[in-house]
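Engineer: One structure follows; several queries about it will come next.
The values are calculated or read from the model by the stated rules, or taken from the named source; none is laboratory data. On a predicted model such as this, the values are computed, not experimentally measured, just so you know. For neighbour counting, all protein chains shown are included, and Cβ atoms are generated from backbone atoms with ideal geometry for every residue, glycine included.
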Amino acid sequence: MKNTALTQKHIDLNAKLVPFAGYNMPVQYEGVTVEHETVRNGVGVFDVSHMGEFELKGPNALALIQKVSSNDASVLVDGKAQYSCMPNGKGGIVDDLIIYRIAENHYFLVVNASNIEKDWNWITSHNDLGVEMTNLSDEYSLLAIQGPKAAEAMQQLTTIDLSNMVYYTFQFGTFAGIENVLVSATGYTGSGGFEVYVKNEFANQLWNRIFEAGESFGIKPIGLAARDTLRLEMGFCLYGNDIDDTTSPLEAGLGWITKFTKDFIDADFLKNQKENGVSRKLVAFEMIDRGIPRHDYKIKDAKGQEIGKVTSGTMSPSMKIGIGLGYVTKENAQLDQEIFIEIREKSIKAKVVKLPFYKK
């Protein structure tokens, strides 16, 4: 198992560590509900240093990104980031990712930890354009400082005006006494905040200064379990659960990051799928009767016919009901449609709802 530069910090804090994407990662410290509520109402910090980072440079860097990704990266300007995915040439998804435009001909890609090697090989295999590619994944640490109090708590650490940073923009500046830090107004919790990228040698300094600055705001370390409940309440897809090599972006409700204003891998297939419709859709559902849906549980219709499977499910800490995502046949994907989740061989009633589950 790999460690992040901060693994010892997590051990010292008595975090429960689990193997995740080849890394020793903190799944929880105090408990999922406490950590979840800390981020929803205050400020919490995730060590997400296991994520992958690639740098693409050169006159054809944008052309390569346009070829391998579904969103239109030509609209990016310096200091702007974009959520996208990489179609796999067979109608599925290699990975979802964030694309940062550092400067003209200079981009920074952030990919999922479990897919670093796969993504690197995929992009490399399509790089017949002479783009200079560097895999920086082992050199960088990443902390996600999330919650409504994040900007106020962290402002003393930087000259960057955090409270006026627009969602999906980023700036370079001094942060926690470290120069040339990438601070990004992104995160996967739906409660606002920032993601801060530093070289590994500065990770402990960053962690210490963040916790000093946030002490009066009740800042806490947050594990991957709460990260999962937070993103699920927003309906954000998790690669390996809700999207993978067998799901198309259109089936997954990611039509908004699939732009046919350019040519890209699978563009014709996906355009055809858009015009003719999909046979299944990723839907959000809330439990009507008591029960907690879990990954891979069967979804059935009123007649007991299997119509799909749960891809993500949990007891929502904010709403105190079972919530989930899952693929169902398009006939059963309408809002307010009653569906049934098979939990311990019983069909438990649920209904299809609109995202996000959690409304601020």
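Engineer: Quick check: anything in region 200-207 outside the structural domain of L325 (by TED's automatic domain parsing), in contact (Cβ under 8 Å) with a residue 60 or more places away in the chain and polar (S, T, N, Q)?
Structural biologist: Yes - at least one qualifying residue is present in region 200-207.
Engineer: The conditions are (1) in contact with a helix residue (DSSP H, G or I) (Cβ under 9 Å, 6 or more places away or on another chain); (2) surrounded by fewer than 17 Cβ atoms within 10 Å (Cβ to Cβ); (3) in the same structural domain as H36 (by TED's automatic domain parsing), and E179 fails exactly one of them. Which is it?
Structural biologist: E179 satisfies all of (1) in contact with a helix residue (DSSP H, G or I) (Cβ under 9 Å, 6 or more places away or on another chain); (2) surrounded by fewer than 17 Cβ atoms within 10 Å (Cβ to Cβ); (3) in the same structural domain as H36 (by TED's automatic domain parsing) except (1).
Engineer: Can you name the number of the only condition in (1) more than 28 Å from L355 (Cα to Cα); (2) free of Cβ contacts under 8 Å to residues at least 40 places away in the same chain; (3) not hydroxyl-bearing (S, T, Y) that F211 fails?
Structural biologist: That leaves (2) as the condition not met.
Engineer: Let me ask something additional. Confirm whether V110 is surrounded by fewer than 17 Cβ atoms within 10 Å (Cβ to Cβ), among the β-branched types (V, I, T) and without any contact (Cβ under 8 Å) to a residue 60 or more places away in the chain. Quick ask: steps written out before the conclusion?
Structural biologist: Details: surrounded by fewer than 17 Cβ atoms within 10 Å (Cβ to Cβ): no; among the β-branched types (V, I, T): yes; without any contact (Cβ under 8 Å) to a residue 60 or more places away in the chain: yes.
No.
Engineer: Mind telling me which of the residues V39, V48, V75, V34 ends up being closer than 20 Å to T189 by Cα, aliphatic (A, V, I, L, M) and surrounded by fewer than 19 Cβ atoms within 10 Å (Cβ to Cβ)?
Structural biologist: One residue alone meets the criteria, V34.
Engineer: Give region 13-28 a look and list any residue that's more than 16 Å from T229 (Cβ to Cβ) and either loosely packed, with under 15 Cβ neighbours inside 10 Å or at pLDDT below 95 (or both), or say none.
Structural biologist: L13, N14, P19, A21, G22
Engineer: Sort through D289, D268, D263 and tell me the only one that's outside the structural domain of V68 (by TED's automatic domain parsing), touching a strand residue (DSSP E or B) at 6+ places or on another chain (Cβ under 9 Å) and either on the phi > 0 side of the Ramachandran plot or not aromatic (F, W, Y) (or both).
Structural biologist: Criteria check complete, one pass: D289.
Engineer: Across region 320-360, what is the number of residues that are within 14 Å of G291 (Cβ to Cβ), outside any strand (DSSP E or B) and in contact (Cβ under 8 Å) with a residue 12 or more places away in the chain?
Structural biologist: Summing the residues that are within 14 Å of G291 (Cβ to Cβ), outside any strand (DSSP E or B) and in contact (Cβ under 8 Å) with a residue 12 or more places away in the chain in region 320-360 gives 1.
Engineer: Next question. Quick one: which residue in I210, I178 is of a type outside the set (K, R) and over 24 Å from the mean Cα position of the chain (by Cα)?
Structural biologist: Exactly one of I210, I178 is of a type outside the set (K, R) and over 24 Å from the mean Cα position of the chain (by Cα), namely I178.
Engineer: Picking from K354, K330, K346, which residue would you name as being among the charged types (D, E, K, R) and either under 22 Å from D228 (Cα atoms) or within 25 Å of the chain's Cα centre (by Cα) (or both)?
Structural biologist: That would be K354, the only listed residue that is among the charged types (D, E, K, R) and either under 22 Å from D228 (Cα atoms) or within 25 Å of the chain's Cα centre (by Cα) (or both).
Engineer: Quick one: E53 ticks every box in (1) touching a Phe, Trp or Tyr at 6+ places or on another chain (Cβ under 6 Å); (2) closer than 19 Å to K16 by Cα; (3) assigned to a strand (DSSP E or B) except a single one, so which number is it?
Structural biologist: (2)
Engineer: Of the conditions (1) within 17 Å of the chain's Cα centre (by Cα); (2) of a type in the set (A, V, I, L, M); (3) modelled with pLDDT of 95 or more, V34 clears all except one; give me its number.
Structural biologist: (1)
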